[in-house]
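Peer 1: Structure below; questions to follow.
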Amino acid sequence: MTIAMPVVPHRAGEMHGLAVARCLVVIVCMLFLPSALRFHLGFSSYAPGVMAGCVLVIGLALFGVLGRIPSQVLIKGWLMGLMVLGAIAIHLGLSLLQWSADIERATTSLAGMTLMAGAAPIVFYVIMNAEDGVLARSLAIVRVALLVMVAMSMLRLQPVGLLSSERPVWPFTEPSHFALASLPFFIDATVRSPRLIRWVWLGTMAVIVLLLQSLSLAVGLAIAAVCSLGLAELIAFLIAALVATQFIDLSYYVERLDIGYSSTNLSSLVYLQGIELIQEALETTRGWGIAIQQLGFAPTNVLATEIIRRVGGGEQNLSDGSFLAVKFGAELGILGIALLGIYIFKLFWAIIHLRLIAGNRAQSPVGVTFGLSVFTAFFIELFVRGIGYFSGTVVMACASIGVVAVVKFVSKDTVDLTK
């Protein structure tokens, strides 16, 4: 069985090295540039860096630096983005008829989202429609760079930034942000690698989890195992993990999994706050939602927020909701919940496809495997640790929808890349 993705092939005869450079430029603009700008310039959010990355990608595409991108790819992507943004704008307009909102913040955010929607189909075509050899080499280079970043963090050989936490992983200000950017590359590696190398990658991820102490990375490791291991191997992985817990200090993770009002851990309280914010918004607006980008600015009165203030956490993560599903549920109401439901349904579909690829029961272009890995890894940002709408990983996830929307299984011996 083979996976077919109906996309337009790249121009014949394109230089391999140039194509790799194009892939790397787009990846850097989306995943590393926003973090680097925030790290060194001290921006309060990733929005300026993401906007800069999107402008660069769109500008490079317009000037032909990223190669010829078929108009049908752009038109389909932009129409989909326009439909989503139009629905959000209508939701905002109807919200303003019912209660007041920060209209400037909302409209400015919609303008920024328009840039992100403009960049997404370009990201999809340049990366996820790249030739197998080109994309495989590009992903390998990025994975090496990610491992170097971890090594530099452990050795404390990192640039000094205006905004960095106690445990930065340059150019990311904290391990959880590194997790969001790196997990698609690691999941892709475990799925596409032969069995022995697959276990090496899972072991490498486990070591990184222990070194960086990141719950987001730990969840990502579990997802990678589910996507790449057969049933017997998965059981062996779980047994190995249970045995390993007997020799590892798990207090860091246990504290963050203790989600309750008695907890004094800020990460746990912030997560609890996110759950309460969804419930409060749905109740006060009767399921409609408080409107786009109003979380943290609309009146709120949840218990977790008060506890966070008492333990010295201030307004931590009130506007970004701790995880992105909070923004969807609290701001977009039933519409946001419906979008999350669609994602969960497609997530199971993507995981099944990745397991088939890993088990050699389906052949797949590298772009398809990576696109499904991006879509699957986005679960972390939605339900574990998010940084708001404006992140490069959100643009990557939007680009991966282009893969999820068109990929299908066909009974053929070769990959069908048709228009």
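The values are calculated or read from the model by the stated rules, or taken from the named source; none is laboratory data. None of these values were measured; they are calculated from a predicted model. Virtual Cβ from ideal backbone geometry, glycine too; neighbours counted across all protein chains shown. When the accessible area is computed, the model is the full protein with side chains, heavy atoms only, and any ligands, DNA or RNA have been set aside. Shrake-Rupley method; radii C 1.70, N 1.55, O 1.52, S 1.80 Å.
Peer 1: Please work out which residue is modelled with the lowest pLDDT, limiting yourself to the range 201-250 and to residues that are among the polar types (S, T, N, Q) and assigned to a loop (DSSP other than H, G, I, E, B). Spell out the reasoning first.
Peer 2: Taking the range 201-250 first, the residues among the polar types (S, T, N, Q) are 204, 213-214, 216, 228, 245-246.
Checking which are assigned to a loop (DSSP other than H, G, I, E, B) leaves us with 213-214, 246.
On the way: 213: 87, 214: 87, 246: 82.
Going through the qualifying residues, I end up with 246.
Peer 1: Ok, one more. Suppose we keep only residues that are hydrophobic (A, V, I, L, M, F, W, C) and either open to solvent by less than 10 Å² (accessible area, probe 1.4 Å) or at pLDDT below 70 (or both) within the range 280-301. Which one would you say is nearest to residue 267 (Cα to Cα)?
Peer 2: The first filter runs over the range 280-301 and keeps only residues hydrophobic (A, V, I, L, M, F, W, C), leaving 281-282, 288, 290-292, 295, 297-298.
Remaining after also requiring either open to solvent by less than 10 Å² (accessible area, probe 1.4 Å) or at pLDDT below 70 (or both): 281, 291-292, 295.
Details: 281: 21, 291: 25, 292: 24, 295: 18 Å.
The extreme case among them is 295.
Peer 1: Restricting attention to the range 155-169, does a residue exist that is in a helix (DSSP H, G or I) and either open to solvent by less than 20 Å² (accessible area, probe 1.4 Å) or touching a residue at least 12 places away in the same chain (Cβ under 8 Å) (or both)?
Peer 2: So the first thing to find is which residues in the range 155-169 are in a helix (DSSP H, G or I), and the list is 155.
Next, from what is left, pick out any that are either open to solvent by less than 20 Å² (accessible area, probe 1.4 Å) or touching a residue at least 12 places away in the same chain (Cβ under 8 Å) (or both): none.
No, the range 155-169 contains no residue that is in a helix (DSSP H, G or I) and either open to solvent by less than 20 Å² (accessible area, probe 1.4 Å) or touching a residue at least 12 places away in the same chain (Cβ under 8 Å) (or both).
Peer 1: Would you mind stating whether residue 130 is in a helix (DSSP H, G or I) and either of a type outside the set (Asp, Glu) or over 21 Å from the mean Cα position of the chain (by Cα) (or both)? Break it down stepwise before answering.
Peer 2: Working: in a helix (DSSP H, G or I): no; either of a type outside the set (Asp, Glu) or over 21 Å from the mean Cα position of the chain (by Cα) (or both): yes.
Against the criterion (in a helix (DSSP H, G or I) and either of a type outside the set (Asp, Glu) or over 21 Å from the mean Cα position of the chain (by Cα) (or both)), residue 130 does not qualify.
Peer 1: Could you tell me whether the range 351-363 includes any residue that is modelled with pLDDT of 90 or more and of a type in the set (Lys, Arg)?
Peer 2: yes
Peer 1: Sticking with this one: Return a yes/no flag: does the range 257-266 have any residue that is at pLDDT 80 or above and either open to solvent by less than 30 Å² (accessible area, probe 1.4 Å) or not β-branched (Val, Ile, Thr) (or both).
Peer 2: Of the range 257-266, the ones at pLDDT 80 or above are none.
No, the range 257-266 has no match at all.
Peer 1: Another question, if that's okay. Determine, yes or no, whether residue 323 is open to solvent by less than 40 Å² (accessible area, probe 1.4 Å) and modelled with pLDDT of 95 or more. Talk me through it step by step, then tell me what you get.
Peer 2: On the way: open to solvent by less than 40 Å² (accessible area, probe 1.4 Å): yes; modelled with pLDDT of 95 or more: no.
No: the conditions fail for residue 323.
Peer 1: Of the residues 126, 84, which single one is of a type outside the set (Phe, Trp, Tyr), open to solvent by less than 70 Å² (accessible area, probe 1.4 Å), in contact (Cβ under 8 Å) with a residue 12 or more places away in the chain and within 16 Å of residue 398 (Cβ to Cβ)? First the steps, then the outcome.
Peer 2: Values: 84 fails: open to solvent by less than 70 Å² (accessible area, probe 1.4 Å).
Exactly one residue qualifies, and that residue is 126.
Peer 1: Out of curiosity, is residue 151 open to solvent by 10 Å² or more (accessible area, probe 1.4 Å), free of Cβ contacts under 8 Å to residues at least 40 places away in the same chain and among the hydrophobic types (A, V, I, L, M, F, W, C)?
Peer 2: Working: open to solvent by 10 Å² or more (accessible area, probe 1.4 Å): yes; free of Cβ contacts under 8 Å to residues at least 40 places away in the same chain: yes; among the hydrophobic types (A, V, I, L, M, F, W, C): yes.
So residue 151 passes the test.
Peer 1: Check 105, 137 and return the single one that is open to solvent by 10 Å² or more (accessible area, probe 1.4 Å) and closer than 30 Å to residue 212 by Cβ. Break it down stepwise before answering.
Peer 2: Values: 105 fails: closer than 30 Å to residue 212 by Cβ.
Among 105, 137, only 137 is open to solvent by 10 Å² or more (accessible area, probe 1.4 Å) and closer than 30 Å to residue 212 by Cβ.
Peer 1: Do you know which residues across the range 97-117 are more than 17 Å from residue 79 (Cα to Cα) and of a type in the set (Gly, Ala, Ser)?
Peer 2: Kept after step one, since they are more than 17 Å from residue 79 (Cα to Cα), are these residues of the range 97-117: 97-109.
Listed by number, the residues that qualify are 100, 101, 106, 109.
One line per residue, one yes/no per condition, for (1) assigned to a helix (DSSP H, G or I); (2) in contact with a Leu (Cβ under 8 Å, 6 or more places away or on another chain); (3) under 27 Å from residue 48 (Cα atoms); (4) open to solvent by less than 10 Å² (accessible area, probe 1.4 Å):
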{"position": "339", "(1), (2), (3), (4)": "yes, yes, yes, no"}
{"position": "344", "(1), (2), (3), (4)": "yes, no, no, no"}
{"position": "355", "(1), (2), (3), (4)": "yes, no, no, no"}
{"position": "386", "(1), (2), (3), (4)": "no, yes, yes, yes"}
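Peer 1: Can I ask one more? Pick out, from the range 26-106, the helices (runs of 4 or more DSSP H) lying fully within it that include 2 or more residues that are at pLDDT below 95 and among the charged types (D, E, K, R). Show your work before the answer.
Peer 2: Numbers: elements: 33-41, 47-62, 71-96.
Because the criterion is at least 2 residues that are at pLDDT below 95 and among the charged types (D, E, K, R), no helices (runs of 4 or more DSSP H) in the range 26-106 meet it.
Peer 1: Consider residue 142 carefully, then state whether it is farther than 19 Å from residue 244 by Cβ, in contact (Cβ under 8 Å) with a residue 24 or more places away in the chain and buried (at least 22 other Cβ atoms within 10 Å of the Cβ). Reasoning before the result, please.
Peer 2: On the way: farther than 19 Å from residue 244 by Cβ: yes; in contact (Cβ under 8 Å) with a residue 24 or more places away in the chain: yes; buried (at least 22 other Cβ atoms within 10 Å of the Cβ): no.
So residue 142 does not fit the description; no.
Peer 1: Suppose we filter 237, 185 for residues that are touching a Leu at 6+ places or on another chain (Cβ under 7 Å) and open to solvent by 30 Å² or more (accessible area, probe 1.4 Å); which single one remains? Outline the logic, then answer.
Peer 2: Numbers: 185 fails: open to solvent by 30 Å² or more (accessible area, probe 1.4 Å).
After applying the criteria, what remains is 237.
Peer 1: Which residues, taken from the range 87-101, are out of contact with any Ser or Thr (no Cβ under 9 Å at 6 or more places or on another chain) and either among the charged types (D, E, K, R) or open to solvent by less than 40 Å² (accessible area, probe 1.4 Å) (or both)?
Peer 2: 88, 91, 93
Peer 1: Please name all residue pairs, on different chains or six or more residues apart, with Cβ atoms under 8 Å, provided the first residue is in the range 232-244 and is farther than 18 Å from residue 207 by Cβ and the second residue is hydrophobic (A, V, I, L, M, F, W, C) and in a helix (DSSP H, G or I).
Peer 2: These pairs meet every condition: 234/225; 234/226.
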